[in-house]
1. So for segment 79-94 (the condition being polar (S, T, N, Q) and touching a residue at least 40 places away in the same chain (Cβ under 8 Å)), does at least one residue qualify?
2. In this structure, does Ser165 turn out to be at pLDDT 85 or above and of a type in the set (S, T, N, Q)?
3. Checking the structure you have, find out if any residue of segment 242-260 is at pLDDT 90 or above, surrounded by fewer than 20 Cβ atoms within 10 Å (Cβ to Cβ) and assigned to a loop (DSSP other than H, G, I, E, B).
4. Among the residues of segment 172-192, write down those that are buried (at least 16 other Cβ atoms within 10 Å of the Cβ) and out of contact with any Leu (no Cβ under 8 Å at 6 or more places or on another chain).
5. State which residue pairs qualify: first residue over 30 Å from His585 (Cβ atoms) and inside segment 489-514, second residue open to solvent by 60 Å² or more (accessible area, probe 1.4 Å) in any location, beta carbons under 6 Å apart, and separation of 6 or more residues or different chains.
6. Could you tell me whether any residue of segment 195-212 is without any contact (Cβ under 8 Å) to a residue 40 or more places away in the chain, in a loop (DSSP other than H, G, I, E, B), polar (S, T, N, Q) and crowded, with 18+ Cβ neighbours inside 10 Å?
7. Only residues in segment 142-170 that are under 16 Å from Glu190 (Cα atoms) count as the first member; pair them with residues that are charged (D, E, K, R), Cβ under 6 angstrom, at least 6 apart or cross-chain, and list the lot.
8. From the residues in segment 224-236 that are modelled with pLDDT of 90 or more and within 19 Å of Leu187 (Cβ to Cβ), which one is least open to solvent (accessible area, probe 1.4 Å)?
Amino acid sequence: MPASDDPANADLIAATAELQAWAIEVFGALGVQVWVADDLGFHPRAVLGRACTDADRDCARQCCIQGQAVVHGPVLALPLTLTDRSSGACVFVLPDQVGVLSAQPFTVQVNAMNARLDAALHSERLQRLSGLARKSDLLRATLTLAHTLEHCDQLAPVFAQLHQSLKALMYAENFFVVLLDEHRHQLNFEYSVDAFDSPEEPIAFLEGRLQGSLSAFVVAAGRTLRGSSLELMTQAGHVDKMDQHSYGPPAVDWLGVPMMVANEALGAVVVQSYDADIRFTDADPSMLSMVADTMAAALHRRRLREALERTVAERTRQYEASNQTLQDTVSTLERAMSELVQAEKLASLGSMVAGISHELNTPIGNAVTVSTALDERFARLAAQVAEGGLTRSGLDSFVSAGREMNSLVVRSTQRAAELISSFKQVAVDQTSAQRRVFDLQQVVESILIASGHALDRPQIHIHNAIPAALVCDSYPGPLGQVVANLIQNALLHAFAGPQGGSIRIDAEVQDQRVRLSVTDDGAGMSAQVLARAFDPFFTTKLGQGGSGLGLAVCHRIVTSVLGGELSVASSVGQGACFVLEFPAHAPYKL
């Protein structure tokens, strides 16, 4: 029988006919077909124009399997997006071969019609299902909808959707849902549609009492009730007065099912009929119970989540209130620590200023002395010229001595310039903490030069063994401060006495990470000292020049600024080795 002769296909045929009219007008199409693959098989659901062929079937099947457009000669199959567990294809039979470009307008048109085709196919599917299969399909959809109660914003709209879905399964024109509050003190009508009653006021709930409401008794008893409402009220033997509530006529058939979780009712789902010709079937109670159980589970999970959220919020408020003083204390300590770190940096820079001043004394003093002597020689030369007593040998002697003196001035001023340049770069780096590309060997050498006076221990040899051209893109100022602090730490602790020794600074690059080590052959550290080496305010030289901040500041700079790690290995009498690992290219910018 042609699909168009089946009255169940009216909506589907109408939608397909619109597609056919468009395809005929624009491309002269010979036919349009709609195919669906589901649990009922793979068949055409609508065929207009030319009859289906095996080639049409193959093209539609491949489109459903692949989920994309399929072209076979003059036949074009485009996929449909269907909401149920099925796949579909819309097939166009054209008079000519389908080109790549000519398929595009068909795709646009099918996408525009997809929602209408989906709805029509869903309706057509229900018509094709047998009574039991159709009810199973509808029940599955209803149970799926009931699960949405767990995460929905408002309950009433979902109850309304459930009501509409339930009416396709059974008689449910008069339907309402009551829920107990969390304290189990009253029943609230969360949703109600009834031909006569529109309950709004909650029902006071007392365990085991009817209270003029059958739904309250269903919840209190935790069991299903079915029958005439008058008969059920009589059987319950209630003692509450009926005139406390405004009710419509008695229901001819009344069915109430409790929503149970762990043998405790959360509420009830009720349907009722006022028409003597409409009675519930024997299957309706079990089907309504399935829906009620699913609703109960979703609502229970919802309440548990809401209770947990309230508990977390309350605990958070309590925690914040009880810890406000602690947070203020921590903030004060953090500010104090920041100020101490800044003071440590300024102290390091101040020590460097003293060192560079001392270093500059020698070259500048030499330059002043020699330039003064040279000035005196020029005065004597001028006097000899004025008196006419200048001899060739005297001129030669002046030129020779002048060259030596000028050479000494040049060397002294160059040395001063080098010192000033090194100090300037180090000072800029340490005060600005700017990121730049630098040669690690040169930065460390600048630190050693600028700190020359502070590091002036003739018996201690400091060796910069960092290879040349080891280029980094990081923060030379903080890095230089760490190196200077590590060297100062070695001078203060490893070589506390007059004994000699050496400090070696080395570096290498592995996997884009720089491994810089500062190693000494001094006194070393015990296990107890080693364990607390980076603790703030811990020092073995309390009152002897140790602040307990040097290594703590180093560790903080390495981890928070350079994005690296600082570790130490040492034992008593075996010296110490501080290893600083950091990315050759800083991972972030300050």
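The values are calculated or read from the model by the stated rules, or taken from the named source; none is laboratory data. Everything numeric here is computed off the predicted structure, so don't read it as measured data. Ideal geometry is used to build each Cβ from the backbone, glycine not excepted, and the neighbour counts take in all protein chains shown. Note: accessible area is taken over every heavy atom of the protein model, side chains too, but ligands, DNA and RNA are not part of it. Shrake-Rupley method; radii C 1.70, N 1.55, O 1.52, S 1.80 Å.
1. Taking segment 79-94 first, the residues polar (S, T, N, Q) are 81, 83, 86-87.
From the residues that got through so far, the ones that are touching a residue at least 40 places away in the same chain (Cβ under 8 Å) too are 86-87.
Checked segment 79-94: at least one residue is polar (S, T, N, Q) and touching a residue at least 40 places away in the same chain (Cβ under 8 Å).
2. Details: at pLDDT 85 or above: yes; of a type in the set (S, T, N, Q): yes.
When the stated conditions are applied, Ser165 passes them.
3. yes
4. Asn174, Phe176, Val177, Phe189, Ser192
5. Taking only residues 6 or more apart or on different chains, the pairs are Gly500/Gln459; Gly501/Asp521; Ser502/His461; Ser502/Asp521.
6. Yes.
7. Listed by first residue and then by second, the contacts come to Glu150/Arg301; Glu150/Arg302; Leu155/Glu190.
8. First pass over segment 224-236, keeping only residues modelled with pLDDT of 90 or more: 224-228.
Next, only the ones that are within 19 Å of Leu187 (Cβ to Cβ) stay: 224-225.
Numbers: Thr224: 60, Leu225: 17 Å².
Within segment 224-236, the match that is least open to solvent (accessible area, probe 1.4 Å) is Leu225.
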